[in-house]
Every structure is written in structure tokens, then in C-alpha cells.
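Below is one structure, written out as C-alpha cells, with a few remarks after it.
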Amino acid sequence: MILKTTRNIRVTVLSGPKAASVFFNHKNLSLDRGYMMMIPENVDWRDVEGMPSTPNGIDLASFYSRFKLVLGPEKLEQRSFSVLRNIDKFYQKMGEHGTIDLFHAHHDLVLQLLMRNTFPDEIADDERIVGYVDGLYNAIDSPGMARLPIYNRLRKYFYGFKLYRALDEILKNWQEEKSGEETNSIKVLLDRGDGIEGIISFAIGATYAGLLNTSRLISWVVVHLTVYPEWRMKVLGEIRELLNKYNATPETLDRIPFRAWDTDLPLLDMTANEILRSHGHGVLLRQNIGEAFDIDGCMISKNACVVYPMHDVHHNPRLYGPTPQAFSPGRIESMGDEKQLNFVAWGSGRHPCTGRHMAQLIYRQVLTHLLTRFECEVIDKSQNPLQSLPVADHNSLHLSPPINTPIIMKYQVYDT
């Protein structure tokens, strides 16, 4: 399918396994330029002095380089104790019983954890700073008005500049007051000689690139485990087995070896992957930055944009049976090597998800604590356990949120 955008850009929508293979592997197809060209209000923030870029914008090579340096497995292991203490503190503040807005609460928690991995602890601990930064970023990331792209662009410049200035001041004050730890991402980049503009750009990107997907994933897992109690018992049994193996409790999850988080929760990972498949309806964007080339008889001209809808593969009955919309954990993993192009929620080919390990570590640790600390369930308006899944809003580039909010979780500390 060939379309034209309001920018008069030629867009080709791809479908099928052969086209998908080219989409994820062709060297001419640029991820960052695709998002810049296809989202009208996106701007190249380097055009304005003092403005950072974002992972959806430009200079992805620098972003990936910094990410691997300061948020690779070794650094995440060094930060793990601090992250686990943050999770424990968050759930302790909820008290022994009550109700919460599930998606909103876990947005706040995951934001804290991502900031703790990226910023100094003194900044991540300051709820006032975290809230202010989140408010500014949400103003930048809000959709705006479809018919007013110039206004949207100016609004992004305005709030982007405010966010940059705020972080610039916060980091400079921190530099004057604290020397920081070696595990601190900001300090590592400063010691390497990176400029403050590039560091702020990276810090914003590393914090927000996976915030919506990771926080929504955690919340959807709780929803699905309420609606499917038999599967819940299997997942909970696996988590309790992990805690028993290392004589750990929700408050002492640091006793679990770091590598065990990657290997000992396969049922939880199956649950997460199935939710990413069923609720990942976004489109992936690329632009051809090289010479024209052919995809299965369709010519992709130079500068043309290419779109691949994840729904094309994630809800394909040939791959996922006659009811691909059904919740059936394990069918992705049963594909073996074939799942590389049949499940693309974590990226594929030349563009695997850089933050996958960090996101997986966060949802494993958060859900392990939540599900073993509290007896929890999502409830309906009559205060009864939810019997069917809420309708999801699939009109999103991110993991689909529920249409009707809030989604309420009821919780009670397990009797000891």
C-alpha cells in the first residue's frame, strides 16, 4: 500500500514475512529518520542552541553508545540494590491494604526506577524534581492538535527548552554538592568528557524511551493474572520458588543473584511476551536514506518512508492460530528460531531494543515484589474481581493502554 502524508512524503506500508525481513534488515532503512519524517511535530532539537535530541529524533549512534556504556548489564547489576530498595519503599508507602489506580501508580514507580538507573540517587530520591521533570516531558510528548503541526512544534520547543534548563540547573547544583558514585551514569559520562547537552539528551532518552511500555506492561500483567487465575497460580508458584531458592522475601530480594533474574522466571516472561504481542499494535517507521531498492516488486524510492504495522505479524492467524487475540502464553516461545520475525515487540534485525534488558529486569523485580508482598487483584465497579479484559486503546505507538480508566487494583498484605 502506498500513501501520501501531509508533508507530501511517499509512504509504503509493508505486509508479509518477506517484506518484514527487508524492513528489519535493509541497511538503507533508517529508524531515527523514519520517526522524524513521519511525525509532523517532531523537531531536530539540535537546530536550537541548548536543546537536546531524543531517541525518536536524531543521533541514535551516540545514544546507543552511551546506553551500552552506562546501562549495560554490569552497571545495572551495580545499581540493582538501590533499585530494589526503591521498589520496597514504594510498596511500603501503600500500607497494608487499600486500592490504587494500577496504571497511574506503576507509571510513577517505573519513572522512579528509570531515573534511579540514569540520574544520581540524590535527584531520583527527590519527589519534587521527579514530578516536575515528568510534567514537562508529558507536555512535550502529548499528541497536540492534529491540524496545527506548527503550533505543536513550537509547543515542543517551549517545553523542551524548559526541561533542558531545569535539568541543566539540577545537574550543576548536584556537581557542586556531591562527587557522586562510580555507578552513577551521569558521573561516568562527565568523567569521559561528554558535554552537558549530550548528557541531558541521553538522560531524558534513557528515562523516557521505555517508560510507557514498561509501566503499562507491568499493569497489564496484573490485569491478566486477575482474569486468568489458573495462570496466575503458575506464575506465582514460579516466583515463590525463586524466593525460596535464595531464602529471600519481598524486602530482601537483593539476596537473589543478579543472573537469576534473567533465567529463573520463564513463565513470567511468557506472560509479558504474550501481552506485548496482543497489545502491541503500534507501527514501526523507517526512511530510505540510500538509493532506491525493490521489496517484493514494490520500489522504495530514495527518501521514501516505510511503515510496518506490528499487528500484521502479531495477529496473523497463520502464525498464532484462529484466535490470535486470545491470551495464550508460551506460543511465542514454542516458535524457536522462527520467532525472530514473528514476534517483533523487542525489535529485530538491525534494530533490536537497546533497553530490553533493563526493561525486563524492572518488570521482573517489580512484579516479584508486588505479587509476593500483596494478595492483589483488579476489581470492577462492583468491587468484584475483574472477569474479562478491559478494552484496549490500540491507537498508540506504544503498548496499548486501556480505554476506560482508572483501572483499580485492590491489595492486602499476605498474612505472615
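Laboratory data are not the source of any read-out in this text; all were calculated from the coordinates shown. All of these numbers come straight from a predicted model, not from anything done at the bench. Don't worry about glycine lacking a Cβ; one is built from the backbone with ideal geometry, like all the others, and counts go over all protein chains shown.
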Additional length obtainable on full extension of the chain from Asp125 to Glu177, 0.36 nm per residue less Cα span: 17.2 nm
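Would you calculate a helix-derived [θ] at 222 nm for the chain, using -39,500 (n - 2.57) for each DSSP H run of n ≥ 4 and dividing by the full residue count, to the nearest 500? Don't jump to the answer; show the numbers that get you there.
Working: 18 runs with 217 residues, N = 416.
Rounded to the nearest 500, it is -16000 deg cm²/dmol.
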Anisotropy class of the chain from Cα gyration tensor, a/c 1.5 cut: oblate
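Could you order the peptides 93-104, 347-358 from most to least packed, using the average number of other C-beta atoms within 10 Å per residue? Could the numbers behind the result be given before it?
Details: 93-104: 14.7, 347-358: 17.2.
Result, highest mean first: 347-358, 93-104.
Only four residue types carry charge here, +1 at the Cβ of Lys and Arg and -1 at the Cβ of Asp and Glu. Report the dipole size of the chain about the Cα centre in Debye, rounded to the nearest 20. Present the calculation step by step, with values, prior to reporting the outcome.
Details: 45 positive and 49 negative charges, 237 e Å.
The calculated dipole for the chain is roughly 1140 debye.
Highest mean first, what order results for 253-259, 291-297 on Cβ atoms within 10 Å? Don't skip to the end; give the middle numbers.
Numbers: 253-259: 15.9, 291-297: 11.6.
Ranked from most to least packed, the peptides come out as 253-259, 291-297.
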For the stretch 362-374, in order, what is each residue's ³J(HN,Hα) by Karplus, 6.51 cos²θ - 1.76 cosθ + 1.60 with θ = phi - 60°, in whole Hz (x at glycine and Pro)? 5, 5, 5, 6, 5, 5, 4, 5, 4, 6, 9, 7, 10
Excluding residues fewer than 8 places away in the same chain, name every one of the aspartates and glutamates whose C-alpha is closer than 12 Å to that of Lys187. Asp121
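Rank by packing, highest mean first: peptides 123-130, 109-116, 160-167, 200-207, with packing defined as the count of other Cβ atoms within 10 Å averaged across residues. Intermediate values should be presented prior to the final figure.
Working: 123-130: 16.1, 109-116: 23.2, 160-167: 18.6, 200-207: 24.8.
Highest to lowest by the protection proxy: 200-207, 109-116, 160-167, 123-130.
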Under a straight-distance cross-link criterion of Cα-Cα below 20 Å, which aspartates and glutamates are reachable from Lys339, leaving out those fewer than 8 residues away in the same chain? Asp262, Asp269, Glu274, Asp312
